[in-house]
Each structure stands twice: as structure tokens, then as C-alpha cells.
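Okay, structure first, notes after.
The values are calculated or read from the model by the stated rules, or taken from the named source; none is laboratory data. Keep in mind it's a predicted model, so treat the numbers as computed, not measured. Cβ: placed from backbone, ideal geometry, glycine included. Neighbour counts: every protein chain shown.
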Ligand code: GDP
Ligand code: K
Ligand code: MG
């Protein structure tokens, strides 16, 4: 009997959704950063075993629809909610439990869900036991599953539990599929992740990355990408003094991309200023948001 189904991962920003997905898939699919709201897209990761296939989505954190971009992100959360066979509602073990449970309850999920308590490496055993008990007493989740995604702890049990709740059925994707996202998409995400790590505060939130060229030439892959910012002052920050900052960005991004595609990469980065791209629907479409 083969089981197959769609599983969506929800939770507040920084609960560890991307980390969990990456641990499960075993490749660096979703970008990870300690800053909130790193994940703007739905990312699908596929796990195929002899007796099951799980198709995962990592959704953006649940946040206020302050900008148009955020409305679209909320739309993605809702559409994901509606078509899952099972949802994983994930919370940070160190975060306020009542607040998380209230948030999860406000989703009014029709699909069955597991409550995943992540980062249990940060709790003492007694505190963890009490937390698990409290979540069980809440009574809404099918199961309460403690994990430490970053240490791969509890992840096997989580997979086993997920499969119990999947319907019988044929696989949706060929068995070697890891994701439905293109390499181009991941390249843009890796550059964006480096921007999050290298620049502080405001900059990453005003930045979009599009890959404009992706060409395989013999042993080399030539990649060009545009970094879109909203103001000249941001462009100057991205570039840095005499281009020093963008050189660092380019080097770090290139190394990461090379490790991911397992080929030598020639990476060219261009910085463009486009006013208010975050509020403009056309731009949002262009960036796949
Ligand atoms: P997301 O916003 O929900 O996708 O969260 P991320 O996966 O980007 O993780 C946010 C932060 O939590 C990152 O700094 C992760 O390294 C950290 N993190 C994720 N899982 C764990 C865990 O199991 N234990 C600990 N201590 N930190 C974790
Ligand atoms: K994050
Ligand atoms: Mg994320």
C-alpha cells in the first residue's frame, strides 16, 4: 500500500520552518536566516520512499498585510491551508505557547494537523515535558511532536507520524524529484540569503533578486543577476566603498551556488534602482511573488 499527499508547514517567522524542511529533504532548499520573513515564496520539497511520497511546502511567516507583498504572502498561506492533506503547525519551544496556540486556533484549519514543537534542544527536560503536556491538553492537534530540526532530532518520528495521516495513492512526482522549483529560483534565493547575512536592518527588506542569465558553458555556468533596490542610497550601501561590499556578496554567493549546482560558476551582479517595487503589482509578478 503506497501513501502520498501534500503537507504544508506553518508557523510564526523564525519557528524553524525552513530548517525543518531542509533537514527532511536533506538539501538546502529553503533559505535560512535568523531574520524574520526570509521566505517569500512557497517552496515545495518532495520526499519519496518505497512506501510513501510526501510533498512539502514551506510558507512565508504569518505577518501583517502592511505592504502589497505581504497580502500576497498571506494569500499563499491561505491557499496552502486549503489544499493540504495534513498541516504541520510549528512553534518555537522558547516562544510564548499561549500566543502560538491562539494563532493556530485563529487559522480555523479544516485539514488535520500535527503540532510540532521545534528547538527542543533549548529546553530542560522538565520544561519540555510540561510544554508537551500543555499542547496535548489543548486537544486540537492530531499529535504533538517535539523536534530539534537543526540537530535532526525527532525528525524520523515526525515523518512516521506524517505518513500515518496521508491518504493511500500514487506518487505525484518521479521518485528522484526534490523540488518543483527551478535552479534559477534557488540561485536567486541564495543571493538573497547572502544579502540577509551581509547587510543589516532595512536593506534586505527592500531588495529583490532576479536571475537574468543562466548559461552552461563547458565546465562553467555563467550567471547574471539583478539586485533590485528602491533608492539610490540603498544601491550605494549594496555596492559599498569602491564596490567592496558587493564583491564580498558576489564571492560568498558564488561559493554557495557552486556547492549547490556542483559546477564552477561565473557570477555577475548588477544593482538597479526601481522606485516602490514592493507596492507595484507588475514588479511583484515579474519577481514571481
Ligand atoms: P522560519 O522563519 O520558520 O523558516 O525559520 P528558519 O528555519 O529560518 O529558522 C530561524 C532560526 O531558528 C535560524 O537561526 C535557525 O538556525 C534556528 N533554528 C531552527 N531550528 C532550530 C532548532 O532545532 N534548534 C535551535 N536551537 N535553533 C533552530
Ligand atoms: K527566518
Ligand atoms: Mg523560512
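Worth pointing out:
- Filter result for residue 163 (touching a helix residue (DSSP H, G or I) at 6+ places or on another chain (Cβ under 6 Å), closer than 24 Å to residue 84 by Cβ and at pLDDT 90 or above): no
- Against the list (1) in a helix (DSSP H, G or I); (2) closer than 17 Å to residue 260 by Cα, the condition residue 205 fails is (2).
- Looking only at segment 11-55, and only at residues there that are at pLDDT below 85 and assigned to a strand (DSSP E or B), the one that is nearest to ligand 2 (Cβ to nearest atom): 43
- Within segment 154-182, the set of residues being touching a strand residue (DSSP E or B) at 6+ places or on another chain (Cβ under 7 Å) and part of a helix (DSSP H, G or I) comprises 157, 158, 161, 162, 163.
- Looking only at segment 247-264, and only at residues there that are surrounded by fewer than 19 Cβ atoms within 10 Å (Cβ to Cβ), farther than 15 Å from residue 185 by Cα and touching a residue at least 24 places away in the same chain (Cβ under 8 Å), the one that is farthest from the chain's Cα centre (by Cα): 264
- Of all residues in segment 109-131, those being touching a residue at least 24 places away in the same chain (Cβ under 8 Å) and in a loop (DSSP other than H, G, I, E, B) number 6.
- Residues of segment 131-150 that are over 21 Å from residue 86 (Cβ atoms) and loosely packed, with under 13 Cβ neighbours inside 10 Å: 133, 137.
Rundown of residues vs (1) surrounded by 18 or more Cβ atoms within 10 Å (Cβ to Cβ); (2) modelled with pLDDT of 90 or more; (3) part of a loop (DSSP other than H, G, I, E, B); (4) more than 26 Å from the chain's Cα centre (by Cα), yes/no style:
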{"position": "214", "(1), (2), (3), (4)": "no, no, no, no"}
{"position": "223", "(1), (2), (3), (4)": "yes, yes, no, no"}
{"position": "233", "(1), (2), (3), (4)": "no, yes, no, yes"}
{"position": "243", "(1), (2), (3), (4)": "no, yes, no, yes"}
